Amino acid sequence: MSLRGVIFDLDGTLVDSQLDFAAIRAATGCPDGLGLIEYAEGLVEDEAARVHRIIHEHEMAGARAASWIPGADDWLAALRRQGLPTGILTRNARVPTALTLSRLGIDVDVVLTREDCRPKPDPDGLLRIARQWNLPCEALVYVGDFRYDIEAARRAGMQAWFYDTGRHSHFGDDADRVFRDFLELMGE
């Protein structure tokens with residue numbers, strides 16, 4: 001089945017928000033191997049609120065610092081010219097996501113954040129977008145830069161494309177396609 005729509009992760013895929021996950025983990029006390037959101041969900045209310053505040057502060061700083069990943073804007077524009085629906089599914093909160101999108105002029109058909117659906121690697125957001133577009137999951141691609149992105153795409157029955165920044169190259173072993181430069185995708 002041919003490609004009929006593309007959904008993107010935001011941080012590290014479309015934009016470089018310069019999020020320092022090691023610093024966020026240190027500030028929150030989140031152990032390695034556990035997602036920050038999942039860590040916060042397992043805490044008592046006051047401590048969870050503290051962790052969410054720290055995450056939010058870092059996400060807002062990232063939104064203010066965000067810049068396009070080279071070539072991502074060109075490929076997104078090319079998809080739009082082809083009439084393909086585009087979307088974003090991010091584990092970020094709604095407010096920093098909206099700030100990033102408005103600052104950089106990112107134009108997509110749908111955006112889902114962690115307030116809108118269960119966070120990746122749960123496929124909930126991807127499945128919602130497929131239903132909204134009334135398209136079969138196997139005709140859609142989810143593009144991301146982390147294992148949660150690939151896992152979510154697999155669980156949704158979508159193609160998983162991995163943007164390899166060189167930091168987590170081994171995650172690409174489970175992807176349908178691996179690329180290091182958005183220019184590789186131009187003309188497809």
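Taking segment 117-147 as the range and being more than 20 Å from residue 76 (Cβ to Cβ), touching a helix residue (DSSP H, G or I) at 6+ places or on another chain (Cβ under 9 Å) and of a type outside the set (Lys, Arg) as the test, the residues that pass are 117, 119, 121, 122, 123, 124, 127, 136, 137.
For segment 89-188, which fully contained helices (runs of 4 or more DSSP H) count at least 3 residues that are farther than 30 Å from residue 52 by Cβ, under 15 Å from the mean Cα position of the chain (by Cα) and touching a residue at least 60 places away in the same chain (Cβ under 8 Å)?
Where helices (runs of 4 or more DSSP H) fall fully within segment 89-188, none carries at least 3 residues being farther than 30 Å from residue 52 by Cβ, under 15 Å from the mean Cα position of the chain (by Cα) and touching a residue at least 60 places away in the same chain (Cβ under 8 Å).
For segment 66-86: of the residues being assigned to a helix (DSSP H, G or I) and more than 17 Å from the chain's Cα centre (by Cα), which is farthest from residue 13 (Cα to Cα)? Top of the filtered list is 81. Determine which member of the set 100, 165 is polar (S, T, N, Q) and at pLDDT 95 or above. Answer to the check: 100. Residues that are among the small types (Gly, Ala, Ser) and under 29 Å from residue 86 (Cβ atoms) within segment 11-70 comprise 12, 17, 35, 61, 62, 63, 65, 66, 67, listed in sequence order.
For first residues located in segment 15-43 and farther than 17 Å from residue 120 by Cβ, partners that are in a loop (DSSP other than H, G, I, E, B) and lie 6+ apart or on another chain with Cβ distances below 6 Å form the pairs 16/69.
The values are calculated or read from the model by the stated rules, or taken from the named source; none is laboratory data. Note that this is a predicted model, so its numbers are computed, not measured. Cβ sites come from the backbone with ideal geometry, for glycine too, and all protein chains shown count toward neighbours.
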